[in-house]
Amino acid sequence: MSDSLTSTNLNNILPLVAKGKVRDIYQSTSDSLLFVATDRISAYDVIMTNGIPSKGKILTKLSEFWFDFLKPTIPNHLLAKTDAIFEQLPKELSEPQYKTQLEDRALLVKKLRLVPLEVIVRGYITGSAWKEYKKEGTVHGLTVPQGLQESEKFAKPIFTPSTKADQGEHDENIHPDQAAEIVGKELADKIAKIAIELYTRAHDYALTRGIIIADTKFEFGLDEGDNLVLVDEVLTPDSSRFWNAKTYAVGQSQDSYDKQFLRDWLTSNGLAGKDGVAMDSEIAAKSKEKYVEAYESLTGEKWV
């Protein structure tokens, strides 16, 4: 096995349900799923042919940290963390050829009805929001103060949803009123309120660790009682924009803990959006360093 895991194969011991940009999802029981975070990485909606060593393990441990941190605010879909999954899986999966694929990167989760929205909360104006603002003076069609500079903090975090596109398709930024049309006003309002609360808690904590969470994407499910449950991954460099608080300055782009090394490399080599691209080994190594740095800063734990 190479130093990165880009695909899993459980030989039908558990049926494969879906293959996302990063996760392979298996059916465990009728009401539970096995999420396996691979080391795949995508940029410009294209998955690279090689991975970032240990990326899936870092994402999994960071999500576990945030699920615990946010548990007083909202329940989550975790049934078993990665250190306790094997006792709840078929015994064949403890054999070495499977254990090496699952260890430290798999979570057992409750199967829920997914809310068909990407629930984005923005605390700062950047990325696609900044592009729209420069062109239209709005963010997701929302009226915001004029005269904002790039990377400036909003007076209050804002709920800026997007559609949840199928694999290979682009999510589309939408106005909160359109989200209400998709899921109903009552649920959309409830989601907006809890998402802003979660973002604010996480943002304020991260700031004490030297990281600014500029924006993030949450996903939610509904249990049998129609209660909101936090699902998927939470507040990782793949689902969030992390900035270094020490170097933060309004009016410019920021030093980021995400895929910027990879995006810049793809763009400078004319490879942005092209299929079948393998990352330069130096880019993969630098990207891993950023993931590790974010993990260690936020959790206070050394990555080994």
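Quick rundown of the values:
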quantity	calculated
Derived scalar couplings ³J(HN,Hα) [region 19-31; Karplus, 6.51 cos²θ - 1.76 cosθ + 1.60; whole Hz; x for Gly, Pro]	10, x, 5, 10, 9, 9, 10, 10, 7, 9, 9, 4, 10
The chain: relative contact order in percent, alpha carbon pairs under 8 Å with at least 6 residues between	20 percent
Accessible area (Å², 1.4 Å probe, nearest 10) - PHE69	50 Å²
Karplus (6.51, -1.76, 1.60) ³J(HN,Hα), θ = phi - 60°, over region 36-42, in Hz, Gly and Pro reported as x	10, 8, 7, 9, 5, 9, 10
By accessible area with a 1.4 Å probe, ligands and nucleic acids excluded, highest first: order of ARG122, ARG241, ARG201, ARG113	ARG113, ARG201, ARG241, ARG122
Helix-derived mean residue ellipticity, 222 nm - over the chain, DSSP H n ≥ 4, -39500 (n - 2.57), to 500	-9500 deg cm²/dmol
Farthest positive-ward along region 87-144 dipole, Cα basis, beta-carbon charges - from GLN97, TYR124, THR138	THR138
Where Rh is the Kirkwood radius over Cα pairs, Rg/Rh for the chain	0.95
Heavy-atom accessible area ranking, 1.4 Å probe, most first, across THR143, THR247, THR82	THR143, THR247, THR82
Nearest 10 degrees, 0 to 90: helix 55-70 Cα axis against the chain principal axis	70 degrees
For THR6, distant residues with modelled amide H under 5 Å away	ASP39
Heavy atoms of ILE182 accessible to a 1.4 Å probe, total area in Å² rounded to 10	90 Å²
Percent carbon-and-sulfur accessible area, region 152-304, ignoring ligands, DNA and RNA, probe 1.4 Å	46 percent
Nearest-20 debye value, the chain charge dipole, Cβ charges on Lys, Arg, Asp, Glu	420 debye
Area of ASP83 that stays accessible when all protein chains are in place (1.4 Å probe, Å², to 10)	130 Å²
Under-5 Å amide H pairs with SER28, H placed in peptide plane, nonlocal only	LEU33, LEU34
Extension gain, SER42 back to LYS71 (0.36 nm per residue minus Cα-Cα distance, nm)	7.5 nm
Ranking by accessible area, most exposed first, for SER63, SER7 with a 1.4 Å probe	SER7, SER63
Cross-link pairs LYS19/LYS302; LYS71/LYS153; LYS156/LYS217; LYS71/LYS259 - those with Cα-Cα distance over 22 Å	LYS19/LYS302; LYS71/LYS153; LYS71/LYS259
Per residue, the convex hull volume that the Cα atoms of region 114-244 enclose (Å³)	116 Å³
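The values are calculated or read from the model by the stated rules, or taken from the named source; none is laboratory data. Because the structure is a prediction, the values reported are computed rather than measured. Every residue, glycine as well, gets a Cβ built from its backbone with ideal geometry; the counts of neighbours run over all protein chains shown. With ligands, DNA and RNA removed, areas are computed over all heavy atoms of the protein, side chains included. Shrake-Rupley method; radii C 1.70, N 1.55, O 1.52, S 1.80 Å.
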